[in-house]
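Scroll down for the structure; my scribbles are underneath it.
The values are calculated or read from the model by the stated rules, or taken from the named source; none is laboratory data. This is a predicted model, so every value here is computed, not measured. Here the Cβ positions follow ideal geometry from the backbone for every residue, glycine too, while neighbour counts run over all protein chains shown. Side chains are part of the model used for accessible areas, which takes the heavy atoms of the whole protein and leaves out ligands, DNA and RNA. Shrake-Rupley method; radii C 1.70, N 1.55, O 1.52, S 1.80 Å.
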Amino acid sequence: MADVAVQSEGRSSGIVINDDWPGYSLDLFNYPAHYSGDLDCVIIPHGVIMDRTERLARNIMDDLGDHDIVVLCVLKGGYQFCADLVDRIKALSRNSNHTIPMRVHFIRLKSYLNDQSTEDLHIVGAEDLSFLAGKAIVGTGKTMQTLLKHVEAFRPKMIKVAGLLVKRVPHNSPCLPDYVGFEIPNRFVVGYALDYNEYFRDLNHICAISESGKTKYKI
């Protein structure tokens, strides 16, 4: 990525993509032809996502290698990031004396209608998380403030949050994950399992959806 558009702000905030970053031209990348006209640009290419995810896996290994951990994956948008993160942790564990015993559990949150976040948030699959007691938790996904309150009630030993994306939203102070992939502008992005009304999950890159794309798939 161009230096004028992206800067590394260290381990806590991840890679910062500035508000004036125009993105990469779609002509430079392969993407499903059925989304022609539905996207503005590629914000983060798939290869960059993979490399950053491996770095996060190394950070988690360094911090939590002595703990028996449970990975709590937030569906549906978090499943691809979670799967790739877990795969890289397992690969590091296989090739190191510093290993992490690990289990994965899935829950689902729904908080978007079209491109707007709603107050009507439901947690599915988290009714009984008593097995988290005394464990170290690595949560992956979004809408973490609500989820964290629920998880804390089951008294885990430790909670760490890994988020691929943190969006800069005006007049909002989000719960910053402990492990951050990218900090991005306040644009609605799709791809890499992030959807717009269940479309675009089959897109490998993280892209900005176009206005015509929003109209086309609006419900």
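Suppose we filter ARG168, ARG201 for residues that are more than 18 Å from VAL74 (Cα to Cα) and open to solvent by 40 Å² or more (accessible area, probe 1.4 Å); which single one remains?
Details: ARG201 fails: more than 18 Å from VAL74 (Cα to Cα).
The unique qualifying residue is ARG168.
Checking the condition of a type in the set (Lys, Arg) and closer than 18 Å to ASP178 by Cβ, which residue from ARG58, ARG108, ARG94 passes? Even if it seems obvious, please write down each step before you answer.
Details: ARG108 fails: closer than 18 Å to ASP178 by Cβ; ARG94 fails: closer than 18 Å to ASP178 by Cβ.
Exactly one residue qualifies, and that residue is ARG58.
Residues in segment 204-219 that are open to solvent by 70 Å² or more (accessible area, probe 1.4 Å) and over 15 Å from the mean Cα position of the chain (by Cα): how many? Don't jump to the end; show me each part of the working.
Step one: filter segment 204-219 for residues open to solvent by 70 Å² or more (accessible area, probe 1.4 Å), giving 204, 211, 215-216, 218-219.
Narrowing further to those that are over 15 Å from the mean Cα position of the chain (by Cα): 211, 215-216, 218-219.
So the count comes out to 5.
Would you mind finding the one in PRO177, PRO170 that is modelled with pLDDT of 80 or more and assigned to a loop (DSSP other than H, G, I, E, B)?
On the way: PRO170 fails: modelled with pLDDT of 80 or more.
After ruling out the rest, the residue left standing is PRO177.
List the pairs whose first member sits in segment 187-201 and is farther than 22 Å from ARG168 by Cα and in a strand (DSSP E or B), whose second member is of a type in the set (A, V, I, L, M) and open to solvent by less than 40 Å² (accessible area, probe 1.4 Å), and whose Cβ atoms are under 8 Å apart, counting only residues at least 6 apart or on separate chains?
Sorted first by the residue in segment 187-201, then by its partner, the pairs are TYR199/VAL190.
Answer with yes or no whether ASP84 is open to solvent by less than 30 Å² (accessible area, probe 1.4 Å), among the acidic types (Asp, Glu), within 20 Å of PRO177 (Cα to Cα) and without any contact (Cβ under 8 Å) to a residue 60 or more places away in the chain. Show your work before the answer.
Values: open to solvent by less than 30 Å² (accessible area, probe 1.4 Å): yes; among the acidic types (Asp, Glu): yes; within 20 Å of PRO177 (Cα to Cα): yes; without any contact (Cβ under 8 Å) to a residue 60 or more places away in the chain: yes.
Yes; evaluated as a whole, the condition is true for this residue.
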